[in-house]
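Chemist: I am attaching a structure below and will ask some questions about it afterwards.
The values are calculated or read from the model by the stated rules, or taken from the named source; none is laboratory data. Keep in mind that this is a model prediction, so the values were computed, not measured. Here Cβ is always computed from backbone atoms with ideal geometry, including for glycine, and neighbour counts include all displayed protein chains. Surface accessibility is based on the protein's heavy atoms, side chains included, excluding ligands, DNA and RNA. Shrake-Rupley method; radii C 1.70, N 1.55, O 1.52, S 1.80 Å.
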Amino acid sequence: MSLKRFVIFLGCICILTIGHAQEIEQSVKERKKKEAENIMLNQMLSKSWELYTAGEFQKSMESNLQTIKMAEKLNNYQYAQRSYSNLGYDYLVLEDTIQALESFKKSHYYARKSKLPLSIAQAYTDFADVYVQDSATYEKGIQYFKNALVIMQQKKDTIGLTGTYYDYANALFKRGENEKFEQVLDSLVLYTTFMDSHALYQARSLNLQAANYLRNGDLESATEVLLTSIMLAESESSNDQLENAYKLYADVLKRKEQYRPALATMVKYDSIYRLNQKARNLSETRRVAAKFQINQVEEERDQAQLKIELQENKFQQRALVNYMLTGVIVLGSGFIIFLIYLARRRKSFIKSLEIKNEQVSKAKMEAERLARVKSNFFSTVSHELRTPLYGVIGLSSILLEKNRDEESLQDLKSLKFSADYLLALVNDVLQLNKIDSSKGLENNEEVFNVAKLIENITSSFEYIRIQNNNIVEIACDRKLPHLIKGNSTQLSQIMMNLIGNACKFTENGKIRVGARSAIKDNVVTIEFSIADTGQGIAPNKIQQIFEEFAQGESKNLTYQGTGLGLSIVKKLLHAAGSEIHVDSIIGKGSRFSFKMSYDIIQEKATEDSEALEEIKIFHIRDLSGCHVLVVEDNKINQMVTKKILEKDNVICDLAENGAVAVQKVKESNYDLVLMDVNMPVMDGLEATQAIRKFSNVPIVALTAVELEEMRERIYNSGMDDIVVKPYDVKSFQQIILKHIQLHRADDTI
């Protein structure tokens with residue numbers, strides 16, 4: 001080889017070596033850059049999780065959105081999947097299941113793009129956690145759990161299996177699918193106990209086992225696993241699991257009749273519960289604040305979008321001017337361009353219209369969702385407030401009847417008045433909610449005698465009439481038809497509020513309730529009026545008294561009320577196509593009037609119609625010796641109902657849940673069952689359906705839930721009647737007697 005060729009060869013070798021070294025250096029730089037990006041993304045995910053667990057949901061959502069933006073920019077599918085998953089749980093805690101599901105769908109999309117099996121399994125678990133919450137999609141959620149478990153078992157992901165098995169078992173336990181639950185629980189125990197899982201996971205699993213043992217009556221096994229769970233939870237300082245374990249353990253000890261240890265355990269539970277409740281209250285406050293902030297962000301976004309659309313419209317208008325100028329200069333070309341422009345504009349408007357329609361549809365869905373949330377909230381409030389009020393009102397009534405001490409009599413009357421006042425406030429607020437949501441405005445038409453209706457309503461204010469030393473007169477037109485058809489419930493609500501106001505704000509005076517009629521084409525238009533000689537209303541305050549929680553001035557502080565009555569009257573009349581009129585003079589009194597139209601059923605009274613109007617009254621003495629089962633989970637309410645019944649010599653048995661009630665009905669012959677609706681283990685609806693398979697014993701729903709939401713479900717379950725707590729004792733006794741007598745009559749046939 002010549003020297004020249006050797007030099008060229010060496011040069012080529014050097015060039016290749018330098019090039020290869022540069023490629024290696026570039027590869028190392030890219031790998032280090034990738035590692036740095038992964039570290040940064042992982043830190044951002046950790047930060048969002050810390051914010052989520054601390055209850056900072058708004059900040060957690062913002063952190064997740066930043067992570068998503070960065071991951072998508074870097075085409076990092078794995079971290080995009082994880083951040084969308086976290087974002088979905090942010091939306092879940094903010095009660096926006098629609099956005100949560102959209103985030104989980106994005107998470108699943110990036111999981112499939114990453115081709116990482118465990119990411120796909122996590123996406124399946126996310127879907128399952130959402131779908132099992134709704135009965136309509138429950139089976140779909142269970143299938144997603146199964147799909148996730150198959151992948152995790154193939155990859156031997158112990159941590160993932162522990163979490164997914166727990167969520168799966170918990171869903172089955174709540175659903176009451178005992179056989180499937182036992183199978184899944186065995187797998188959960190395997191991965192938490194024998195795979196040496198984290199102590200917190202073990203405690204969580206043991207609590208679920210204990211709840212199952214407790215439900216099956218295996219108290220010894222429940223005791224064993226709960227002691228282990230308490231030890232593990234204490235070692236990890238997990239207050240959530242400690243709270244659950246102490247509550248279950250106290251229940252076990254109580255069932256074992258070990259009352260002293262049970263009391264000591266309940267003291268520990270109460271201490272942990274208070275600590276956790278403070279954290280929950282803080283978390284709830286932050287959650288509500290986050291929802292408010294998100295609404296503000298969405299409003300700002302909508303305003304920005306509106307500005308953009310306005311700018312686009314201005315731009316389009318300018319373009320139109322340019323096209324017209326071009327058309328003037330060059331007629332032929334301008335005409336063609338103008339036609340093209342019109343076609344494009346038409347297409348643009350059609351597309352814009354489609355977008356607007358889609359936005360309207362989404363807005364409607366969101367409004368319906370918010371309406372459901374509000375309705376559920378008021379239904380929950382109805383139950384949670386009326387249940388303890390039932391105990392307070394019932395106990396105060398019982399104490400008033402038994403009390404012989406003049407010194408404590410006034411205190412008991414004050415207690416009863418306060419409880420009745422709070423109940424009136426709750427009922428008024430719920431009535432306003434029903435009117436606003438159109439739930440309370442159903443046209444339940446029936447045939448009734450309007451004169452007797454006015455007389456009955458007026459007589460119900462006899463106590464306050466005597467207390468304020470008033471005279472009440474009823475002046476009904478002689479031409480008033482005997483029987484009319486219409487919504488008597490709506491009319492009763494209006495009249496009771498107006499007559500009640502007149503009685504409250506009048507002292508040593510006169511109240512006149514009138515009804516004048518005008519008949520045309522078998523339709524009567526009645527002008528109702530309520531006039532008083534009370535203190536009157538200033539002209540500048542007449543509009544104010546119809547506002548919610550507003551009142552006129554009154555010296556009679558005893559009957560100030562809630563300030564909702566006239567607001568309810570105005571809304572009910574507006575819904576019926578009528579309006580309220582007010583005439584008032586300070587110091588001389590006020591007159592409220594309104595008009596309503598009804599179909600005439602019968603103009604004159606006859607002997608037959610009078611007979612039909614008679615109401616059968618059952619004698620209270622017939623309750624003596626009746627055997628009644630009271631199904632109620634609240635111990636105080638059990639005691640109140642039992643005392644009310646035993647006062648009339650009724651034999652009472654108690655059941656703390658639906659499952660116990662079903663067994664007692666099988667074993668004993670009851671005259672009637674009083675069934676609460678919301679109970680643990682088995683609710684009243686499920687229990688009634690089970691009893692109806694073998695018995696026709698009368699079942700009356702004794703519930704504190706808002707009636708309109710539950711009426712159809714209660715009757716469809718097989719119950720015979722409904723009593724809403726707190727109730728009028730006389731009406732309660734009449735309902736019980738009616739169904740006992742009907743049942744006995746059926747048995748004799």
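Chemist: For the peptides 87-94, 242-249, what is the packing order when you average, over each peptide's residues, the other Cβ atoms within 10 Å and list the highest mean first?
Modeler: Values: 87-94: 22.1, 242-249: 24.4.
Peptide ranking by packing, descending: 242-249, 87-94.
Chemist: Filter the cross-link list K59/K106; K452/K510; K485/K570; K34/K115; K570/K604; K452/K504 down to pairs whose alpha-carbon distance in this structure exceeds 26 Å. Display every interim value, and only then the final one.
Modeler: Details: K59/K106 20 Å; K452/K510 21 Å; K485/K570 22 Å; K34/K115 18 Å; K570/K604 32 Å; K452/K504 23 Å.
Beyond 26 Å between Cα atoms: K570/K604.
Chemist: Select from L149, A171, L188 the residue farthest towards the positive end of the dipole of the stretch 134-188; place +1 on Cβ of Lys and Arg, -1 on Cβ of Asp and Glu, and compute about the Cα centre.
Modeler: L149
Chemist: Another question, if that's okay. Let me check something: with ligands and nucleic acids excluded, how do S624, S593 order by accessible area (1.4 Å probe), largest to smallest? It would help to have the intermediate numbers written out before the result.
Modeler: Details: S624 65, S593 10 Å².
Result, largest first: S624, S593.
Chemist: Then there's this: So what is the relative contact order of the stretch 624-749, in percent, for Cα pairs below 8 Å that sit 6 or more residues apart? Mind dumping the intermediate values first?
Modeler: Values: 195 pairs, mean separation 27.1, N = 126.
For the stretch 624-749, the relative contact order is 21 percent.
Chemist: Go through the stretch 475-488 residue by residue and turn each phi into a ³J(HN,Hα) via Karplus (6.51, -1.76, 1.60, θ = phi - 60°); whole Hz please, and just put x for glycine and proline.
Modeler: Whole-Hz 3J(HN,Hα) from phi for the stretch 475-488: 10, 9, 4, 5, 7, 4, x, 6, 10, 10, 10, x, 8, 6.
Chemist: Under a cut-off of 22 Å between alpha-carbon atoms, report the lysines in cross-link reach of K738, not counting same-chain residues fewer than 8 places apart.
Modeler: Within the straight-line limit of under 22 Å, K738 reaches these lysines: K616, K642, K643, K647, K725, K730.
Chemist: Using 7 Å Cα-to-Cβ label points, what is the K520/L742 separation (nm, one decimal)?
Modeler: The modelled label-to-label distance comes out at 4.3 nm.
Chemist: Continuing with this model, one more query. For the stretch 79-165, report the accessible area per residue in Å² (1.4 Å probe, heavy atoms, rounded to an integer). Don't skip to the end; give the middle numbers.
Modeler: Working: 3910 Å² over 87 residues.
In whole numbers, the stretch 79-165 has 45 Å² accessible per residue.
Chemist: Name the GluC sites (Glu not before Pro) in the stretch 83-178 that are in a loop by DSSP and that have at most 16 other C-beta atoms within 10 Å, would you? Let's see the in-between values first.
Modeler: On the way: sites: E95, E102, E139, E177; in loops: E95, E177.
Filter output for the stretch 83-178: E95, E177.
Chemist: Ranked highest first by the average count of other Cβ atoms within 10 Å around their residues, in what order do 638-644, 344-350 fall? Write down the numbers at each step before the final one.
Modeler: Details: 638-644: 19.9, 344-350: 10.7.
Per-residue mean Cβ counts within 10 Å order the peptides as 638-644, 344-350.
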